[in-house]
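Contents: one structure, followed by commentary.
The values are calculated or read from the model by the stated rules, or taken from the named source; none is laboratory data. Model, not experiment: these values are computed from the prediction. Note that we place each Cβ from the backbone using ideal geometry, even for glycine, and neighbour counts take in every protein chain shown.
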Amino acid sequence: MHDYHKPGRLASFADLLAGELPGAWGSIYHPPDHTNDLAELSDRVWDMDLVAESLTTHPLKHGAVLTREDGAQLIVLDRHDERDGFLIAAVAPRNIPAEAFRGLREPDGIALNDDPFLSAGSVARDLLARYDASLAQVRNNAADTQEATAEVRPSQPDRVVLAWQADGSLAAAGVTASAADVLLANGFIHDEQSGIYRLSSNDSAALACAVHQTAIQLDARGITAAVQHQADRSTPTATAPAAAFPPRTRTASARTR
């Protein structure tokens, strides 16, 4: 069983491992006094299995981060069992909205023996293959989310802008607490990171009904509901105050991936 009080052992292993992985990788060791860095890394470990379980009983005291030239990152940390070796896990990318990770399985980490040359093969065949697939998907999801919310205009205290999105959802941003209560009561979901309220459904009739009820309830609070239509998409029919909803009859479509 290895000695966890010899941090140089982990740093040396990580350096050698980085040199054996496919692509160009660098290694940075974070000693115990890098408390802020270690806390952030613990939060970004992209794992819900072996490594996550280890961190619940053995908080991260030190570790080495391997970074590829495209920004992909792995973390090497101690293995707290009766076997020699280490654990390695993917690190989730920064500045990605939580919505982009929803429904996506984590590229769970793996256990390694203490031979960095043999371990490199295991990482490349197993963890890296799954990590690259998950990374590509989450970045694609983030791009879709950014595209879908790019046209959402901030609302005003007496006016809520409900914007139809390319994916068939309805979004609003910058609303007051009073307007937010109405949106939430009608099925809108609040994304705390972006601040956007979004309503999604594959049922165009249900969406039209929700728009209608939302407009009525906002009007009762002295707030105008204005719908922002995208020129390149269709929207469901909704009956609402004439000032807020120009008469149109269209059919909503939901994008599938």
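Quick check on my filter: what residues within region 43-58 are in a loop (DSSP other than H, G, I, E, B) and under 11 Å from HIS80 (Cβ atoms)?
Initial filter on region 43-58 (in a loop (DSSP other than H, G, I, E, B)): 46-49, 58.
The answer is HIS58, and nothing else.
Looking at region 60-96 only, could you name the residues that are part of a loop (DSSP other than H, G, I, E, B) and under 23 Å from the mean Cα position of the chain (by Cα)? Lay out the reasoning, then the answer.
Taking region 60-96 and keeping what is part of a loop (DSSP other than H, G, I, E, B), we get 60-62, 69-72, 79-85, 92-96.
Once the filter is applied, which keeps residues that are part of a loop (DSSP other than H, G, I, E, B) and under 23 Å from the mean Cα position of the chain (by Cα), region 60-96 yields LEU60, GLU69, ASP70, GLY71, ALA72, ALA92, PRO93, ARG94, ASN95, ILE96.
Yes/no per residue for (1) within 16 Å of GLU99 (Cα to Cα); (2) surrounded by 20 or more Cβ atoms within 10 Å (Cβ to Cβ); (3) of a type in the set (A, V, I, L, M); (4) in contact with a helix residue (DSSP H, G or I) (Cβ under 7 Å, 6 or more places away or on another chain):
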| residue | (1), (2), (3), (4) |
| --- | --- |
| GLY174 | no, no, no, no |
| SER178 | no, no, no, no |
| ILE189 | yes, no, yes, no |
| GLN193 | yes, no, no, yes |
| ARG198 | yes, yes, no, no |
| LEU207 | no, yes, yes, no |
| ALA210 | no, yes, yes, no |
| GLN213 | no, no, no, no |
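Determine whether region 182-189 contains at least one residue that is at pLDDT below 90, among the aliphatic types (A, V, I, L, M), farther than 16 Å from VAL227 by Cα and not in a loop (DSSP other than H, G, I, E, B). Full working, then the answer.
Taking region 182-189 and keeping what is at pLDDT below 90, we get none.
No, that holds for no residue.
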Original post:
List pairs: first in region 197-219 and under 20 Å from ARG159 (Cα atoms), second of a type in the set (Val, Ile, Thr) and not in a helix (DSSP H, G or I), Cβ under 6 Å, 6+ apart or cross-chain?
Top reply: ARG198/ILE189; ALA208/THR237; HIS212/THR239; LEU218/VAL160
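For residues that are among the acidic types (Asp, Glu) and in contact with a Leu (Cβ under 9 Å, 6 or more places away or on another chain), tally how many sit in region 71-100. It would help to see each step written out before you state the result.
Taking region 71-100 and keeping what is among the acidic types (Asp, Glu), we get 78, 81-82, 84, 99.
Restricting the remaining residues to those that are in contact with a Leu (Cβ under 9 Å, 6 or more places away or on another chain) gives 78.
Qualifying residue count, region 71-100: 1.
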**OP:** Kindly indicate which of ALA179, ALA163, ALA206, ALA171 is in a helix (DSSP H, G or I) and at pLDDT below 90.
**Re:** ALA206
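Picking from ALA14, ALA24, ALA64, ALA18, which residue would you name as being surrounded by fewer than 13 Cβ atoms within 10 Å (Cβ to Cβ) and modelled with pLDDT of 95 or more? Quick ask: steps written out before the conclusion?
Values: ALA14 fails: surrounded by fewer than 13 Cβ atoms within 10 Å (Cβ to Cβ); ALA64 fails: surrounded by fewer than 13 Cβ atoms within 10 Å (Cβ to Cβ); ALA18 fails: surrounded by fewer than 13 Cβ atoms within 10 Å (Cβ to Cβ).
That would be ALA24, the only listed residue that is surrounded by fewer than 13 Cβ atoms within 10 Å (Cβ to Cβ) and modelled with pLDDT of 95 or more.
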**OP:** Test each condition in (1) charged (D, E, K, R); (2) surrounded by 13 or more Cβ atoms within 10 Å (Cβ to Cβ); (3) in contact (Cβ under 8 Å) with a residue 60 or more places away in the chain for GLU82 and report the one that comes out false.
**Re:** (2)
Original post:
Mind checking whether some residue in region 4-24 is assigned by TED's automatic domain parsing to the domain that holds PHE117, assigned to a strand (DSSP E or B) and either closer than 18 Å to ALA133 by Cα or touching a residue at least 60 places away in the same chain (Cβ under 8 Å) (or both)?
Top reply: no
**OP:** Would you be able to say whether some residue in region 138-148 is out of contact with any Cys (no Cβ under 6 Å at 6 or more places or on another chain) and at pLDDT 85 or above?
**Re:** yes
**OP:** Look at GLU106 and say whether it is of a type in the set (D, E, K, R) and surrounded by fewer than 17 Cβ atoms within 10 Å (Cβ to Cβ).
**Re:** no
